[in-house]
Ligand SMILES: O=C(O)CCC(=O)C(=O)O
Ligand SMILES: [Fe+2]
């Protein structure tokens, strides 16, 4: 399948239903290579709890959002991640050309959801962060089964939720205003999570 027809299908999905999911957007081997990089950073203690506020709110926040993240410097990262980012830049240009989205930049981080954590229902586009237009997540988890949990639930208005397994190599894109949730994970769940932005805002530290 040519890159063009895949990008056409992504654009159609975003315009019609608001989301699109592509198994094997990158090969299993590429996904595992990226996951190894994430695990190395994790072992070196470079990940930080996402959205941490006051200590007293720690437990409450952990119930809402239990992932740990590490922001990626788009200009200075491993070749396997760079080649993925290049494809996302091509997608960004394609969406600007076909859908006039006026996308300027993207920001991206590694995420790990340790066993037992989740991210409660939310939207990625909100008052404090209105510049996220498209969310995109690349999953890095080999042999992920239904009983491992950790599905991404996407809540489309007037429709049944869609549940997506975070399987290695799968890319999911959705309009950032759409509500979604990460269900509780029964094993550690790795991903690369990014946003296409309508303004060059630099890195957004959550
Ligand atoms: O990992 C996912 O499936 C979604 C993550 C998410 O919703 C977020 O980081 O805002
Ligand atoms: Fe989200």
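General observations
- Placing a label point 7 Å from the Cα of residue 5 along the Cα-to-Cβ direction, the residues of region 19-53 whose backbone N falls under 20 Å from that point are 20-27.
- Spatial separation of Cα centroids for region 132-206 and region 96-129, in angstrom: 8 Å
- The distance between label points at residue 49 and residue 115 comes to 2.0 nm (points 7 Å beyond Cα on the Cα→Cβ vector).
- In the chain, the inverse of the mean reciprocal separation of distinct Cα atoms equals 17.3 Å; this is its Kirkwood hydrodynamic radius.
- Mean ellipticity per residue at 222 nm, deg cm²/dmol - from DSSP H runs of n ≥ 4 across the chain, formula -39500 (n - 2.57): -9000 deg cm²/dmol
- Short-range pairs are left out: with C-alpha atoms under 8 Å and at least six residues apart, the relative contact order of the chain is 29 percent.
- With a simple spin-label model that places each label point 7 Å from the Cα along the Cα-to-Cβ direction, the separation between residue 155 and residue 28 comes to 3.5 nm.
- Between residue 147 and residue 100, the FRET efficiency estimated from the beta carbon spacing at R0 = 41 angstrom works out to 0.45.
- Residue 184/residue 39 FRET efficiency (R0 25 Å; Cβ-Cβ; nearest 0.05): 0.75
- With the simple spin-label model, which puts each label point 7 Å out from Cα in the Cβ direction, the residue 128 to residue 86 separation comes to 3.6 nm.
- Peptides 191-197, 144-150, 104-110 ordered by average Cβ neighbours within 10 Å, highest first: 191-197, 104-110, 144-150
Readers should treat all values here as calculations from the given coordinates under stated rules, not as data from a laboratory. Everything numeric in this text was worked out from a predicted model, so none of it was measured. Note: ideal-geometry Cβ built from the backbone for every residue, glycine included; neighbour counts use all protein chains shown.
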